[in-house]
Structure formats: C-alpha cells, structure tokens
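A.B. asks: My questions will all concern the structure given below.
Please treat every number below as a calculation from the coordinates, not as lab data. Bear in mind the structure is a predicted one, so any value in this text is a computation, not a measurement. Quick reminder, even Gly has a Cβ in these numbers, built from the backbone with ideal geometry, and neighbours come from all protein chains shown.
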C-alpha cells in the first residue's frame, strides 16, 4: 500500500506526515505524530474520546480520514493549554474533580472549548446536550457539568475585565 | 491509632486538593494502555470465533504465515496445559486454567468472539489482513443462551468436567451449573406460612458491560532467557503477573509488569485477556508486541456482569416487621464458572436484620463471554429484587418506605447471615438522612413518581505494600503497588501528609512496577484507600519513629525526649530542650549519619466494615412513548471518612449513573444464532450527559475504627441501590410493578397499552 504524504497545521505548527489511505486522522495523530492525548474508545464516533477541531469544526477524528487533513488546521487536546499555562477549562476540571480515570477527559475538554467559543454563557441543559456525544463512565457527568459552567463564568469575567479600561 | 472522635481534628483529611496526576490527565500527556510504545514494537491482532459454540477441528495458519510482514502466529496449541488452581484476587478468586482457556480457545470456542488465533506483524493492518488467511475448520455445536435451556437435563454442555458443587448427593452427570450455594438462618418457611402479609415476585435482568471507555491493551516483550516485561493498564499489575505466569508456566520473578494509567475498570479489569497471547507472540517473533481490543471485541469477549433471574418471597407483620425471606437467584456466568454467587447471596439481605431467611444462588454457564466483576459484583441483582419487594410491601401496608426500612435496618451488634455481629454500620443514619433531605418531601409533577432503595456492599481489605522515602531536601515519596483508578494518588498523599503533619504538595505518590515493590492485591473490592491507605499511614509512622530516634541520638536524650509535631522533631528534655529539627534538616543530615530515611510496610488489612447507601429517584414517564426520564436523583452513603470528598462524591455519582443505565437502557442482546446484536456504544446504550440530572450527594461519616482515619471503602456501594430506586420510581409513576430490567421505552409502553386495554 503506497503511503500518502499529508501536510496540515496541527496545534499551530506545520506538520508533514505519512498515512495509509485507510488510516483515520486519529491513527495519524496517535501513531505518526505521537499525539496520544486523543483516545480511541470506539472507532465509530459514539464516544467522543477522539474529539479534535478541524478548521473550527468539532469532529470525531476516528471518523475523519488522515488524507482529509491535507491543508487543514487541526487542534487537539495537546494544543489547548497556552504553553505550560492551563486553559481555564482544564483548571476547572482539576479544581472540581471533574475526572476520575481521565481517559475521556481530553475529548470533553476539546468539546467544552468548542462550546464556550460559540456560546460563552450556556445553560446547564445546553451543556448537557452539547456534551451528549462524549461518553464518561466514571463521573455521572455531575462534576463535569459543574466544571464547564464554572469555567464559562470565569472566562466571561476575564473577558469583561480585559475589555475594561485600565 | 484510633479514629479521632471529630473530623475537625484533621488538617488535610476531608479537604479537596488538586490530584497529583491531574495536569497530565487534562493535557493529554498521561499514558494509558493503548498509548504505550516500545522500541522495535510490532502489532498483533486476534482472530475470534464467529460461532457461540463450536469444536475447533483444525487451524491452518500456513497462508497467514506466508504473508509479507507476518512475524508470529499463536493458537491454542501454543498454550501449555494449565493445572486448575485458584489465585486470590480483589473480591474473589481466579482460576488459572479457565483464564488460560478464556485468553485463547483450546479445543472449543465457547462464545462468539472467543479468541481462536493471533498474529503479530509489522503493522496492525497487515496483522488483520493475515487473520483473513487463517483457515479454521469448526464443527458448530448447539448453544445455550438462557438459564432455562442451560439448566435443562438435555442441554448441550460447555464443559464435560463440571459437576454442580453444593448438591447432596454429588451429581454423577456433568452440567452447565458449576455451583449451588445456600445460606440460611431461622425458619423462613414457617415465618412465611404464618405471616400477616406476603409479597412475592420474579425479577429478571440482562447482562450488562462495565463500559470502561479505554479498551483493553498491552505491550509484551518476552526474551529467550525467559524474562519478560508487560506494560498494561489494569486494576492490578500483580494480578497480571500472577495470571500470566500461571498460564505460561513461568516464574513470577521472570515477569515485570509496569502499570500504565487505566481508563476505567469497574471490576472489568480484574482479569486478563491479552497479556499471555502478546507474550507468546513476542517470544516467537523476538519483538515487543502490542495487542489492543477494538470496542466490538471488548463487548463480545470481555466482561460482562451476569444477568439472570431472582425469585423472592417476603413475609411481614402488620407493623412492617419483616419476619421471613426466601430468595433464590440464578446468574448467567457466561463461558466459565464464577458468576458472583457468594457476594450476590451475602449482599442480598445484609442491610436488614431479618430473623428467618434463606438465600440460594445458582451459577449457570451459557455461550456468552465469561462474566467478570462489575462494581459490587452480584449485589445489584439480588438487592434489586429485595428493594422492589420492600417497596411493594410498603404500599400494601400503607407505611412510608423509608420508615419501613428503618424498622428493619441492620444496627451495630445485629447478627446477620455471615454469623458475625455488625460493627459500626451506618444504614440507619443513611435512611434518616434520606428522610430529612428536601428531595424526599419535594412536590412531584404530572407523570412523575418517586422511588427509594437501599443497598450494601461488604468492602474488602487485603494485602498491600507501601514504601515511604524521604529525599534529602525533605520532600516525601510514597510508592504503592495499587493502580490509581479514580484519584487514589490524591487520597494517599492526603493521608501521608496528614500523618507526617506536612504540606500536601510536599508528598508525591508513585505506582511502582511489580519488580520494584512488594506484592499488592489489585485495586478492587473498594479496598485501596482502606488497605493501601493503612499501609501508607503505618509507613509514615515508621518514618516518624526513625526521625525521632535520630534526633534523640543527636540531642543525647532517650526516645521519649523527642516527639514529632508539625513536621519536625521537638526536644522535650536535656540540654537541648525546646530545640527543633525539621524534616528537611534531618533529611539533609541522613547520609552523613544513619543513612537514607525510608520505611516499608507490608500488611494484610483486616477490620473491614460494609458501606451502605440509600438513593432517592424521581422519574417522569412519557405516556406516549414509554420513555423514562430521571428528573431528580439523590444519593446518601455511609462513607466512613471521606479522605478527598470530591472523589468520594464522584464514586457515588458515577455508581448511580451506571445503575441508572442498568435500570433503563443497557443490556446485551443476542440473536437466535447466539451472536451479540449490540456490540457498540450506539446500540449498547450507556447514559450520556443529557440523560441525567445533577446527582446530589450526602456523605454520612461514621468512621471505621480499624482504619487510622476511619476509611470504609466507597467505590462499589453506589451501584447497589439505583436499580431498585429507579424501578420503584417507575412503578409508582405508572402504578405497575417493574420486575424486568432494563425498563426500555418499548417495554414500558407495552405495559401502559396492556393496562389501558
């Protein structure tokens, strides 16, 4: 099988990688690029553990072919923090104990960021339906929803304080 | 050390610091089972039986071996014939011969998805292509998928050497029933015959999967000198070592198992499926081999928890005193013996004090994957029937269902089926807290109903090894052999820092590989914070004693003249009276004096106490569709002491959610040919975020005197009450008793239609 050369922007960096035509974007991220933060829980788009952003859209990377990444802008869990500075969503997940095993956590954080980028003030119900494509078996979702709502509140406040004149 | 009388005496126990492994887990850096890569690693794949029951007449692997890139092929013929012996796991035992036959079919395939052959190749794609080239000649045999046909006298047998234990006389014919177990006290038949009120019913449940999001995965490397290494996620690295060594017939010291982060287990990762196969592929190929399951393989070949049926008859006086219970259950164990019969029997009535009862359990085999432990294994099934029956009794007698439970609740000193007096048990406190909770008296809307149910789990202690060492800058390392499946590093660090009276951040916790620390039983049975935590505290106390001795020697006073306070040794006597040596100062001097500061504790923790839960659930049933929505949920639990309350509440909420799934939407479905119809997360429907409300928690802290900080174990209790709580809520919502799980919309709708007609 001839491998294809794919060029994409991943977490802000230009990347070239090889992929089989049948490889998924998730395979490429994990096996070619060593970005194992995106997880494979099902391989069928049902669990959301592989959630990444592609050109601003939230996708299950197990349902995207690696070849489809050509020329695209991809961001993964590894790109959520600003260097060693945790994103407020990551910080809130830690502060509120919103993870137990942590395996689904990368997908939840990427999906939450996508939600809050679109809707900075979601209701509990909006959070629950937005995250309905991400399975968590440990937490019963309670602390995750609290962490998302808390992160949203903090981000709104930060946003406002940045806009305020000095 | 006895448990302090007030939790306010603690500095750190009961606080909620960020877990030490947290940043790795929110940034994607943490390495789980499927993430590990070894130098020179190749990839394996497993061929699985398409038949639920078939004799393997021959396997021809020649074409597969000839495919470019294929490095090794393994079949059942490569497995040494194992002797049948049991090893002690977290909440039961594992049989090495059955574990071997479950890893790879040897002679017969016993369920759809049973491993038949494995291949290692330069890529997973090549390995999977090679699987297609393996020719297996099957003689398809008749299969059994349900209890009645498995127990029939003419049933096709899974094993020809299983004779029902617990029958007198011993049966002469082999059967699909490995065990019948009975435990009893008093005279239940007489109590039932003379009772004021008798309630009875038959309850059914489907098998359900533990549903961890991380599929099983491992990397193994086995050299020609006999030494091997395994990197895997599981609930117990030592469990992997023992079972793999037993299956392969090699010494345990020749296998080093490194635990990776585990992406959920819930009991399902207390046994092994892949490791011996990967070891054999590695030995043949000379390369490290990675093996990982896909989700459909996880469903078909790992777990599940047994489904089955429970028949119960309950007798009571007019005042609600339960005078007698007869309970008989049959659990479908799948392909090998061991379907939680004992814990199911002992958990059924352990939260009540009933003078006359008999519990009989049957372990029944069928052509489904061999069942594995699932959170309080066996208890949800039998307690579902008991709690439903009590609800029906409450309605019939016109008594508040919490009051009825209070009347019969187990209290300290009561003698139960285990013949030992109950210790500091907190079921009464849980029931009283549930009754006082605003949820219990809140108004209900149209098409809504409220259910309550209790439950119990015995918890476990067992063997753990811990090393506490002090670096020469005074920072502290706690090393355990207990995998962290939900925040236990944080609990260990809290208990160490509490004991040493130092800052939480000054302590770091590591989980060692099996060659780097003494034996520790797996993380299961809700034992880790109790047993490993006890070892952490004792090791810290040994370090304190050592440091006091060193300081006393420096000051020229005897041991009683040096005491530990606020993370330092204080001099009480002699010329140096009131002098202080801090941990850091003593650590800096260590290598110029007595040597490194470290203590190792190996113990077998006893003094376990059961945990109790009471859950309140409000449901709303859509009369048009039969869909059940959970509109409000409250979980109350006797937790002993909550070391890190976030992770205790998290256990309560997660267990409740799993129980709600079991009650409403989860279940294995098989077609007539014995093949699983829903081996994926789309059709095997676990609760998602929009299915659930917030889950309120009430922690009742009634400390366990046998643990330095009062820990009881919290992980398993919360899956026990929800089945009954949800079923009772639905029963009260629609006025029809729910005895069959899951209560899917089609089942509920059909009942509504039948009731209308």
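A.B. asks: I need the P(r) histogram for the stretch B:134-293: all alpha carbon pairs, bin width 10 Å from 0 out to the longest distance, whole percents.
C.D. replies: Binned Cα distances yield the sequence 9, 22, 22, 27, 13, 6, 2, 0.
A.B. asks: Diagonalise the Cα gyration tensor of the stretch B:18-164 and give the resulting equivalent ellipsoid semi-axes, square root of 5 times each eigenvalue, largest first, whole Å.
C.D. replies: Over the Cα atoms of the stretch B:18-164, the ellipsoid semi-axes are 32, 26, 14 Å.
A.B. asks: Taking all pairs of distinct Cα atoms, average 1/r, flip it, and tell me the Kirkwood hydrodynamic radius of the stretch B:221-267 in Å to one decimal place.
C.D. replies: 11.1 Å
A.B. asks: From the helices alone, meaning DSSP H stretches of at least four residues, give me the mean residue ellipticity at 222 nm for chain B, per-run term -39500 (n - 2.57), in deg cm²/dmol to the nearest 500.
C.D. replies: Rounded to the nearest 500, it is -8000 deg cm²/dmol.
A.B. asks: I need the calculated FRET efficiency for the pair residue B:165 and residue B:200, taking r as the beta carbon distance and R₀ as 30 Å, to the nearest 0.05.
C.D. replies: 0.60
A.B. asks: Next question. Using only the alpha-carbon atoms of the stretch B:500-598 as identical scatterers, what base-10 log of I(q)/I(0) does the Debye formula give at q = 0.19, 0.22 Å⁻¹?
C.D. replies: -0.96, -1.14
A.B. asks: Follow-up question, since we're still on this one. How big is chain A by the Kirkwood estimate over distinct Cα pairs, in Å?
C.D. replies: Final number for the Kirkwood radius of chain A is 16.5 Å.
A.B. asks: Still on this structure: Once the protein assembly as shown is represented by equal point scatterers at the alpha-carbon sites, with solvent omitted, what log10 I(q)/I(0) does the Debye formula produce at q = 0.04, 0.10 Å⁻¹?
C.D. replies: -0.18, -1.19
A.B. asks: If you count, for every residue in A:125-136, the Cβ atoms of partner chains within 10 Å of its Cβ, what is the mean?
C.D. replies: Going residue by residue through A:125-136 and averaging, the value is 4.
A.B. asks: I would also like to ask the following. For Cα pairs less than 8 Å apart in space and 6+ apart in sequence, what is the mean separation divided by the residue count of chain B, i.e. the relative contact order in percent?
C.D. replies: 16 percent
A.B. asks: Obtain the radius of gyration and the Kirkwood radius of the stretch B:354-416 from its C-alpha atoms and give Rg over Rh.
C.D. replies: 1.07
A.B. asks: Sorting check: for B:18-29, B:264-275, B:325-336, which peptide has the highest mean count of neighbouring beta carbons within 10 Å, and how do the rest follow?
C.D. replies: B:264-275, B:325-336, B:18-29
A.B. asks: If you line up the long axis of helix A:105-118 against the longest principal axis of chain A, both from Cα atoms, how many degrees apart are they, to the nearest 10?
C.D. replies: The two axes meet at around 70 degrees.
A.B. asks: A further question follows. In percent, how large is the relative contact order of the stretch A:4-79, given Cα pairs closer than 8 Å and 6 or more residues apart?
C.D. replies: 39 percent
A.B. asks: Okay, moving on. What spacing in nm lies between the two simple spin-label points modelled at residue B:671 and residue A:82, each 7 Å away from Cα in the Cβ direction?
C.D. replies: For the pair residue B:671/residue A:82, the computed spacing is 5.5 nm.
A.B. asks: In the stretch B:441-570, if every C-alpha pair distance is counted and binned at 5 Å from zero, what percent goes to each bin?
C.D. replies: 2, 10, 17, 17, 13, 10, 8, 6, 5, 4, 3, 2, 1, 1, 0, 0
A.B. asks: Multiply the residue separation of residue B:321 and residue B:15 by 0.36 nm, subtract the distance between their alpha-carbon atoms, and state the gained length in nm to one decimal.
C.D. replies: Contour length minus the Cα-Cα distance gives 106.1 nm.
A.B. asks: With both partners inside the protein assembly as shown, how many of the DSSP beta bridges are antiparallel, as a percent to the nearest 5?
C.D. replies: 80 percent
A.B. asks: Can you classify the stretch A:1-81 as rounded, prolate or oblate using the Cα gyration tensor, where a ≥ b ≥ c are the square roots of its eigenvalues, rounded means a/c under 1.5, and otherwise it's prolate if a/b beats b/c and oblate if not?
C.D. replies: oblate
A.B. asks: Ranked from highest to lowest mean number of other Cβ atoms within 10 Å per residue, what is the order of the peptides A:126-135, B:647-656, A:111-120, B:437-446?
C.D. replies: My ranking of the peptides, most packed first, is B:647-656, A:126-135, A:111-120, B:437-446.
A.B. asks: Within 10 Å of each Cβ in peptide B:683-694, how many partner chain Cβ atoms are there on average? Round it to a whole number, please.
C.D. replies: 6
A.B. asks: Something else: For residue B:542 and residue B:582 in one chain, what is 0.36 nm times their gap in residues minus the Cα-Cα distance, to one decimal in nm?
C.D. replies: 12.8 nm
A.B. asks: Mind pulling the per residue volume of the convex hull built on the Cα atoms of chain B? Å³ is fine.
C.D. replies: Looking at chain B, the number lands at 171 Å³ per residue.
A.B. asks: Could I ask something else about it? So, R0 is 51 Å and r is the distance between the beta-carbons of residue B:598 and residue B:411; what FRET efficiency does that work out to, to 0.05?
C.D. replies: 0.70
A.B. asks: Another question about this same structure. Return the FRET efficiency for the residue pair residue B:559, residue B:227: r is the Cβ-Cβ distance, R0 is 45 Å, and the value is rounded to the nearest 0.05.
C.D. replies: 0.50
A.B. asks: What number, in nm² with one decimal, is the all-direction average of the projected area of the convex hull of the alpha-carbon atoms of the stretch B:657-757?
C.D. replies: About 10.0 nm², averaged over all directions.
A.B. asks: Quickly work out the residue B:37-to-residue A:124 label distance, labels modelled 7 Å from Cα along the C-beta direction, and quote it in nm with one decimal.
C.D. replies: Label-label distance for residue A:124 and residue B:37, simple model: 4.4 nm.
A.B. asks: Still on this structure, I have one more. Describe numerically, in nm with one decimal, the distance between label points set 7 Å from Cα along Cα→Cβ at residue B:473 and at residue B:754.
C.D. replies: Distance between the two pseudo-spin positions: 7.0 nm.
A.B. asks: If you don't mind, another one. So for each of A:82-88, B:371-377, B:195-201 I average, over its residues, the number of other beta carbons within 10 Å; can you give me the resulting order with the highest mean first?
C.D. replies: My ranking of the peptides, most packed first, is B:371-377, B:195-201, A:82-88.
A.B. asks: Now for a separate question. Per-residue Cβ counts within 10 Å, from other chains only, averaged over A:144-154: what number is that?
C.D. replies: Average per residue, whole number: 1.
A.B. asks: If you take the alpha carbon radius of gyration of the stretch A:88-163 and divide it by 2.2 N^0.38 Å, what ratio comes out, to two decimals?
C.D. replies: It is 1.03.
A.B. asks: For the modelled label position 7 Å from the Cα of residue A:159 along Cα-to-Cβ, which residues of the stretch A:120-138 have backbone nitrogen atoms closer than 12 Å?
C.D. replies: A:120-122
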